[in-house]
Amino acid sequence: MTLAVQLRDALRRQIEEGALLPGTRVPSSRQLAVDLGVSRSVVVEAYEQLGAEGYLVSQRGSGTSVAATARTEVGSALTPEDRAPARALRDLRTGGSDVSAFPRQEWIRCVSSVVSAAGQRELGYAPPSGLPVARHTLAGYLGRVRGVRTRPEHLMITSGFAQGLALLCRVLRDRGHDTLGVEDPGHPGEWKFIADAGLRPVGIPVDRRGIRVDELARSGVRAVLTTPTSQFPTGVALDPERRAELVDWARSVDGYIVEDDFDAAFAGPSQRMPALQSLAPDRVIYAGSASKVLAPALRLGWLATPTELTAPIERLRAGWDLGCSGLEQLAFARLVDTGAFDRHLRRLRAEFQKRRQTVRQHISRHLPGVTLLGGDSGLQAYLVLPRRCAEEEMVQAARRRSVLVRGGRFYALRNDDRPPALVVGYAGVRGAELGRGLAGIAAAYRDVIG
Ligand SMILES: Cc1ncc(COP(=O)(O)O)c(C=O)c1O
């Protein structure tokens, strides 16, 4: 069977099974050929055959889409009713990013120009804190898009946020801290990093206005890790009053706030606020990452530190590793400087907004009694289930419907009586796959609540 025939059959199956809905635009032949690593003529031939069979329609200027009249087994991927469970597992656990959107061509262009121009210096060791030119670009960028108030010499390029967090915890420990406040619910992987670095993570509750600053003040910690733009995993934004209270708290205990801003690029209009760091650069350590905005494989992250922490972190880093790849830093700086990064983020932001909207509509249509926390940000949706819907049963029922998803408990540090919840990660699944996953969740919900 030729590649074109295989592709045609796969697409036809997706249309017939309702994974690709009538009206859905399919990628351009050029884009799909790049994504699949085949020649463009293969995709063109498959599209032409599907056009002749009435599955696809092409319109000049608006691309190719699934025909409104295409034969489908089901009306909508979101209303599965009694569809047989699909064989493949749909992974809606958090942690993924949309690597299929990685701007390959732009990245290749940046790497190519950086490598072509690289001299002795660029091919040698970069300073452990990062190349000055990359830090300069990054400082300008963060100031422009996030309002971060820093200077290149107070920025450190790290191997992802993970390394930044590990470095910070050790510096805090050296400065007399033995605990670090963390949001609860939060990120269990980070708690392990924190504990391995010698600090005890202390869970601070989160409500619909973000982290509870009153509880933080009662906890006795003097430093806290927080995701104020879009709390992970609830998606709620820290409201302006609490932002001010949090900064006041840090000043009152002579402490620090670690602002994890890893997914702020995708904040929707209602949650777009300057970084918390802009309110108090002397108290907030700002941390960012390329993992969600580009790809985790780059292992690129950054920290903007208050002045007195810069030297201790640099000293620690110097004995830790010999810095991140200089060529990668230069390629990233070039992506930013040429505007390609902004363009890529605009596309990705629109895509994630669309997916969140899909989840929201799905909940209101197919999950009665379920509420979505948070506004229009985040890469996951925190679904609060009715009390009578046992969380673990829901997770297992979803699995029987071929959907991998986590319950709220997975993200909880303290053992308290919180409402059952489901956390649906939508960063790593494109439209049709998300539709199928949500359909599986709706079916599982009906299985559980009867
Ligand atoms: C809460 C949170 N912060 C930050 C990150 C980014 O981490 P890293 O840069 O080490 O990939 C992630 C990645 O999944 C995350 O979930």
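Data for the structure
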| read-out | value |
| --- | --- |
| Test: residue in region 302-312 that is within 16 Å of the ligand (Cβ to nearest atom), modelled with pLDDT under 95 and under 22 Å from the mean Cα position of the chain (by Cα) | no |
| From the options Ala162, Ala237, Ala217, residue that is within 16 Å of the ligand (Cβ to nearest atom), surrounded by fewer than 20 Cβ atoms within 10 Å (Cβ to Cβ) and modelled with pLDDT of 95 or more | Ala162 |
| Complete set of residues in region 395-413 that are under 24 Å from the mean Cα position of the chain (by Cα) and outside any strand (DSSP E or B) | Val395, Ala398, Arg399, Ser402, Val405, Gly408, Arg409, Phe410, Tyr411, Ala412, Leu413 |
| Single condition Ala331 does not satisfy, out of (1) open to solvent by 20 Å² or more (accessible area, probe 1.4 Å); (2) assigned by TED's automatic domain parsing to the domain that holds Pro228; (3) not acidic (Asp, Glu) | (1) |
| Residue that is within 21 Å of Asp207 (Cβ to Cβ), surrounded by 15 or more Cβ atoms within 10 Å (Cβ to Cβ) and within 18 Å of the chain's Cα centre (by Cα), where the choices are Gln353, Gln380 | Gln380 |
| Complete set of residues in region 265-288 that are open to solvent by 10 Å² or more (accessible area, probe 1.4 Å) and within 13 Å of the ligand (Cβ to nearest atom) | Ala265 |
| Odd one out for Ile157 among (1) in contact with a Gly (Cβ under 9 Å, 6 or more places away or on another chain); (2) within 14 Å of the ligand (Cβ to nearest atom); (3) part of a helix (DSSP H, G or I) | (3) |
| From the options Leu11, Leu20, residue that is closer than 22 Å to Val429 by Cβ, touching a residue at least 60 places away in the same chain (Cβ under 8 Å) and buried (at least 21 other Cβ atoms within 10 Å of the Cβ) | Leu20 |
| Hits in region 313-327 (condition: touching a residue at least 40 places away in the same chain (Cβ under 8 Å) and either within 14 Å of the ligand (Cβ to nearest atom) or open to solvent by 20 Å² or more (accessible area, probe 1.4 Å) (or both)) | Glu314, Leu316, Ala318, Trp320, Asp321, Leu322, Gly323, Cys324, Ser325, Leu327 |
| Failed condition for Ala297, given (1) crowded, with 19+ Cβ neighbours inside 10 Å; (2) of a type in the set (Gly, Ala, Ser); (3) within 16 Å of the ligand (Cβ to nearest atom) | (1) |
| Positions within region 428-447 being in contact (Cβ under 8 Å) with a residue 24 or more places away in the chain, in a helix (DSSP H, G or I) and charged (D, E, K, R), in sequence order | Glu433, Arg436, Asp447 |
| Residue count for region 268-290, restricted to those that are modelled with pLDDT of 95 or more and touching a Ser or Thr at 6+ places or on another chain (Cβ under 6 Å) | 1 |
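Yes or no, residue by residue, for (1) of a type in the set (Lys, Arg); (2) assigned by TED's automatic domain parsing to the domain that holds Val423:
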| residue | (1), (2) |
| --- | --- |
| Thr305 | no, no |
| Ala350 | no, yes |
| Arg355 | yes, yes |
| Ser364 | no, yes |
| Gln380 | no, yes |
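The values are calculated or read from the model by the stated rules, or taken from the named source; none is laboratory data. Here the structure is a predicted model, which means the values were calculated and not measured. Cβ coordinates were reconstructed from backbone atoms using ideal geometry, including for glycine residues, and neighbour counts include every protein chain displayed. Remember, those area values only see protein heavy atoms, side chains included, never the ligands or the DNA or RNA. Shrake-Rupley method; radii C 1.70, N 1.55, O 1.52, S 1.80 Å.
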